[in-house]
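The values are calculated or read from the model by the stated rules, or taken from the named source; none is laboratory data. Everything quoted here is computed from the prediction, not taken from an experiment. A quick note on method: Cβ atoms are made from the backbone with ideal geometry, for glycine too, and the neighbour counts reach across all protein chains shown.
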Amino acid sequence: VIFDESEEASISVAAEIGELIREKAKLSQKAVIGLATGSTPKGVYNELIRLHREEGLSFKNVVTFNLDEYYPMTPDSLQSYVRFMNDHLFDHIDIEKENIHIPDGTLDPVEIQAYCERYEYKIEELGGLDIQILGIGRTGHVGFNEPGSQINSRTRLITLDHITRIDAASDFFGEDFVPRKAITMGVGTIMNADRVILMAWGEGKAEIVKRTVEGEISDTVPATFLQKHPNASIIIDKAAGEEL
Ligand code: GLP
């Protein structure tokens with residue numbers, strides 16, 4: 001779906017999420033939502049906050065699972081995804097703290113595998129993700145599933161691609177300070193969501209958008225696996241669609 005501007009696209013994604021939350025609330029059910037970080041979903045979060053403040057959208061029945069976190073990473077660091085989510089969404093809505101899940105960047109290395117298995121289990125226990133929103137990295141990663149990630153991969157510790165670390169360098173005041181690893185949901189975790197929305201804005205994403213939509217399905221561009229998802233949309237602005 002191509003919108004003229006990312007602002008309208010973000011509003012439409014937030015509207016879909018808002019509708020899901022309201023439908024689930026009517027049925028006294030939880031809405032299980034997979035969230036992303038980065039600049040891309042900020043407009044969606046702004047609109048969700050507006051829906052909460054101005055249109056009474058409540059997040060009391062919402063459970064969230066974030067895609068990823070750098071490793072190692074303390075929650076209070078400037079670059080932590082915990083901090084990002086609090087600043088851009090959670091501090092401004094009525095979500096219950098115990099319903100928020102973000103991979104823990106402070107674990108001892110020996111604890112990581114069991115932690116990741118529990119993360120998967122918690123999602124499954126709630127009946128799976130109703131919706132997962134995604135941005136995309138220049139390497140074609142979704143979450144931090146870098147090239148080489150398999151379609152059935154699960155939440156795990158990964159090594160960040162060099163290009164991803166270059167792209168994150170400005171956030172960390174230099175590439176040397178960007179962590180080498182991250183904990184991410186797997187491609188398989190994402191593929192199990194009932195609905196997937198991948199968003200991309202701006203000409204900087206045009207080439208990877210073309211490879212994602214028109215390219216051969218392969219682990220060289222993990223986002224191409226979404227071509228196989230029965231209910232995935234890629235929502236972009238004109239600039240990101242320039243090469244299609
Ligand atoms: C990071 C995140 C991804 C995100 C990507 C793109 O790598 N882990 O989830 O999609 O950045 O970031 P941006 O939205 O800022 O372009």
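Below is a table of values for the structure above.
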{"quantity": "Residue within region 17-38 that is part of a helix (DSSP H, G or I), under 16 Å from the mean Cα position of the chain (by Cα) and either more than 16 Å from the ligand (Cβ to nearest atom) or buried (at least 17 other Cβ atoms within 10 Å of the Cβ) (or both) present", "calculated": "yes"}
{"quantity": "Residue under evaluation Asn46, criteria (1) within 16 Å of the ligand (Cβ to nearest atom); (2) in contact (Cβ under 8 Å) with a residue 24 or more places away in the chain; (3) over 21 Å from Ile235 (Cα atoms); (4) outside any strand (DSSP E or B), criterion not met", "calculated": "(3)"}
{"quantity": "Output for region 124-157, where each listed residue is crowded, with 22+ Cβ neighbours inside 10 Å, of a type in the set (Val, Ile, Thr) and more than 10 Å from the ligand (Cβ to nearest atom)", "calculated": "Thr155"}
{"quantity": "Residue in region 124-138 that is over 19 Å from Ala36 (Cβ atoms) and either in contact with a Leu (Cβ under 6 Å, 6 or more places away or on another chain) or charged (D, E, K, R) (or both) present", "calculated": "yes"}
{"quantity": "Residues of region 221-244 satisfying the condition of being more than 14 Å from Ala193 (Cα to Cα) and either aliphatic (A, V, I, L, M) or modelled with pLDDT under 95 (or both)", "calculated": "Val221, Ala223, Ile234, Ile235, Ile236, Ala239, Ala240, Leu244"}
{"quantity": "Index of the failed condition, Val187 passing every other in (1) more than 19 Å from the chain's Cα centre (by Cα); (2) more than 12 Å from the ligand (Cβ to nearest atom)", "calculated": "(1)"}
{"quantity": "Any pair with Cβ under 7 angstrom, 6 or more apart, that starts in region 157-168 at a residue that is more than 12 Å from Ile208 (Cβ to Cβ) and assigned to a strand (DSSP E or B) and ends at one that is more than 10 Å from the ligand (Cβ to nearest atom) and aliphatic (A, V, I, L, M)", "calculated": "Leu157/Ile112; Leu157/Ile183"}
{"quantity": "Selected residue (only one of Asp176, Asp87 is acidic (Asp, Glu), part of a helix (DSSP H, G or I) and over 25 Å from Ile235 (Cα atoms))", "calculated": "Asp176"}
{"quantity": "Residue in region 195-211 that is surrounded by fewer than 20 Cβ atoms within 10 Å (Cβ to Cβ) and touching a Ser or Thr at 6+ places or on another chain (Cβ under 6 Å) present", "calculated": "no"}
{"quantity": "Any hit, region 55-65, residues being over 22 Å from Glu125 (Cβ atoms), more than 16 Å from the ligand (Cβ to nearest atom) and part of a helix (DSSP H, G or I)", "calculated": "yes"}
{"quantity": "Residue match in region 113-121 (condition: crowded, with 17+ Cβ neighbours inside 10 Å, of a type in the set (A, V, I, L, M, F, W, C) and touching a residue at least 40 places away in the same chain (Cβ under 8 Å))", "calculated": "yes"}
{"quantity": "Looking only at region 190-216, and only at residues there that are among the charged types (D, E, K, R) and more than 14 Å from the ligand (Cβ to nearest atom), the one that is nearest to Pro41 (Cα to Cα)", "calculated": "Arg195"}
{"quantity": "Flag if Arg138 is modelled with pLDDT under 95 and in contact with a helix residue (DSSP H, G or I) (Cβ under 7 Å, 6 or more places away or on another chain)", "calculated": "yes"}
